[in-house]
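For reference, the structure is listed below as structure tokens.
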Amino acid sequence: AARATLGDRMRELRPWNGDIDELVDLPAPAAAEIQRWTLAIGETQKRIDQHAGDVERLTTEQIRLTAELDALSGISGLVSDQEAASIRAIREQAWAEHRGTLDTASADGFEAVLRRDDIVTNGRLGHMADVAKLHQVSQALAIAKAEGHRAIELRDLATTAMQGLQREIAAAVATTCPALSDSMPLPQFEAWLGRRDKSLEARA
């Protein structure tokens, strides 16, 4: 009966198919090491899930803010500070060129730029609330992008840490029993070690 029990338990160790003496000599990781891996995997997976959730949330927020920014940009006469500053710089350049040449062509060019600057300035004055909203949304979008980049970095760091743990476990699996797949998840490896212990009990 004892031999039959041992035979049954040895068959449960497949794909490993050595004899009982070879099983005794297999170098198995200690229970404390298994527990450390289990805790580390759980904590690392929690970090991956958390940061992946942050990436998804911030990506959605960026899409929403971009759509809102596009809608604001489509309002007639509404120009951002950056665009207004660019137009003002073009005006100053045209004025400098006109002062240097003082001919009809430079005067016409300066007049056209001046009119455009006046239109932009008047348009912004007529949409002060929209301009403020444009600033607010632009700032929120910049913050969401920065937070999104950081969330991606943290997710990637946690993923790298998980890959390191998996390589460590794969090395332990290969050392313990080359017949097992080195991609075997830790719970399956732990279960196999448990069946090994049962076989050793049957041998005793």
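The values are calculated or read from the model by the stated rules, or taken from the named source; none is laboratory data. Just so you know, these numbers come straight off a predicted model, no measurement behind them. Note that we place each Cβ from the backbone using ideal geometry, even for glycine, and neighbour counts take in every protein chain shown. SASA here: full protein model, heavy atoms, side chains in, ligands and nucleic acids out. Shrake-Rupley method; radii C 1.70, N 1.55, O 1.52, S 1.80 Å.
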Nearest-20 debye value, region 1-69 charge dipole, Cβ charges on Lys, Arg, Asp, Glu: 160
Mean-position separation - Cα centroids, region 147-185 and region 95-125, in angstrom: 64
Could you do me a favour and compute the accessible area per residue for the chain, 1.4 Å probe, result in Å²? 63
For residue 112 and residue 59, what is the calculated FRET efficiency with R₀ set at 41 Å and r taken between the beta-carbons, to the nearest 0.05? 0.45
So what is the 222 nm mean residue ellipticity for the chain from helices alone, if each DSSP H run of at least 4 adds -39500 (n - 2.57) and you divide by all residues, rounding to the nearest 500 deg cm²/dmol? -29000 deg cm²/dmol
Positive minus negative residues near residue 134 (Lys, Arg vs Asp, Glu; Cβ under 12 Å): -3
Carbon plus sulfur fraction of accessible area for the chain, probe 1.4 Å, in percent: 55
Semi-axis lengths, Å, the chain, gyration tensor of Cα atoms, sqrt of 5 times eigenvalues: 75, 17, 11
Evaluate E = 1/(1 + (r/R0)^6) for residue 17 and residue 168, where r is the Cβ-Cβ distance and R0 equals 30 Å; express this FRET efficiency to the nearest 0.05. 0.70
For the chain, whose charge dipole is built from +1 on Lys and Arg Cβ atoms and -1 on Asp and Glu Cβ atoms, the candidate among 109, 204, 89 with its Cα farthest towards the positive end is 204
Under the 0.36 nm per residue contour assumption, what length would be gained going from the current alpha-carbon distance of residue 119 and residue 175 to full extension? 12.5 nm
Loop only by DSSP, 10 or fewer other Cβ within 10 Å of the Cβ. Give me the trypsin sites (Lys or Arg not before Pro) in region 1-81 that pass, ordered by residue number. none
Under the 0.36 nm per residue contour assumption, what length would be gained going from the current alpha-carbon distance of residue 130 and residue 201 to full extension? 17.8 nm
